[in-house]
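The values are calculated or read from the model by the stated rules, or taken from the named source; none is laboratory data. The model shown is predicted, which means the values in this text are computed figures rather than measured ones. Cβ sites come from the backbone with ideal geometry, for glycine too, and all protein chains shown count toward neighbours.
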Amino acid sequence: MDDAPQYPAPQADRLSTVVAVVGAVASGCDTAQAASEAIGMVERQGAYYTNAAATLGWLTKDAGSCPVTWQLTDSGAALTAASPADQVEMLIDTLLSNEYAAGYDPADGGRSLEADLCHSGLDADTAARRVQTLRSWWDTASLEPEQLLAALAAEQTAVTGRVPAARATADQQRAEARAARAVQAGPVYGSVCPSCFMTMPLSGACPNCA
């Protein structure tokens, strides 16, 4: 296991919600608050799910944006564009190739992975909580295909209903960030009026001579 992976071991038990949050980001709910609202959670709880999606390689954080946003990776974009049946196949393939999910051994109940997580710096309670998530993921992934498809569809339907309000939250956050930047930058002026020699606004209309 990597000494310092980019995203932490997941702590988001509902695998169907991890998939759904990727769709929410694709629909414009790309801030932490908006993504959390889309999946029906408070921001602190929702962060576990966006981080889990990032751990699986579907999302990446753009820390340089204001507000900070989540973006789809190529794998995330492919997941959202796939048919339900193909999503299931991609989901299983992703779990099998992920360092944490693939590291979970049902034969020992995840004890070896828990030891690895403790060795990486997590306390025992947190490591056990993360292993619980991976156990839940594999329980979900082991469902009959029809059951797994139904679980993913039900979660996506619920999220789709919340997307408009959550997307409005993201738009409002962006508008507030733009307004804050404008205030910090201060007023911007244009050229000097040839009649009264006052500095004019960018419109070019001198308010002193109008």
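Residue by residue, here is whether (1) surrounded by fewer than 17 Cβ atoms within 10 Å (Cβ to Cβ); (2) among the small types (Gly, Ala, Ser); (3) at pLDDT 95 or above; (4) over 14 Å from the mean Cα position of the chain (by Cα) holds:
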position	(1), (2), (3), (4)
2	yes, no, no, yes
23	no, yes, yes, no
29	no, no, yes, no
32	no, yes, yes, no
42	yes, no, yes, no
54	no, yes, yes, no
59	no, no, yes, no
70	no, no, yes, no
78	yes, yes, yes, yes
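Checking the condition modelled with pLDDT under 95, touching a Leu at 6+ places or on another chain (Cβ under 7 Å) and assigned to a loop (DSSP other than H, G, I, E, B), which residue from 103, 121 passes?
Step by step, each of 103, 121 is checked, and only 103 is modelled with pLDDT under 95, touching a Leu at 6+ places or on another chain (Cβ under 7 Å) and assigned to a loop (DSSP other than H, G, I, E, B).
Hey, can you tell me all the residues within the stretch 177-202 that are at pLDDT 70 or above and among the hydroxyl-bearing types (Ser, Thr, Tyr)?
Within the stretch 177-202, 191, 195, 199 qualify.
Looking at the stretch 134-161, which of the residues that are more than 17 Å from residue 80 (Cα to Cα), touching a residue at least 12 places away in the same chain (Cβ under 8 Å) and out of contact with any Leu (no Cβ under 9 Å at 6 or more places or on another chain) is surrounded by the most Cβ atoms within 10 Å (Cβ to Cβ)?
That would be 135.
Exactly one condition in (1) at positive phi; (2) touching a Ser or Thr at 6+ places or on another chain (Cβ under 6 Å) is not met by residue 70; state its number.
Every listed condition holds for residue 70 apart from (1).
Which one is farthest from residue 16 (Cα to Cα) among residues in the stretch 93-125 that are among the polar types (S, T, N, Q) and touching a residue at least 40 places away in the same chain (Cβ under 8 Å)?
Applying the filter and picking the extreme gives 120.
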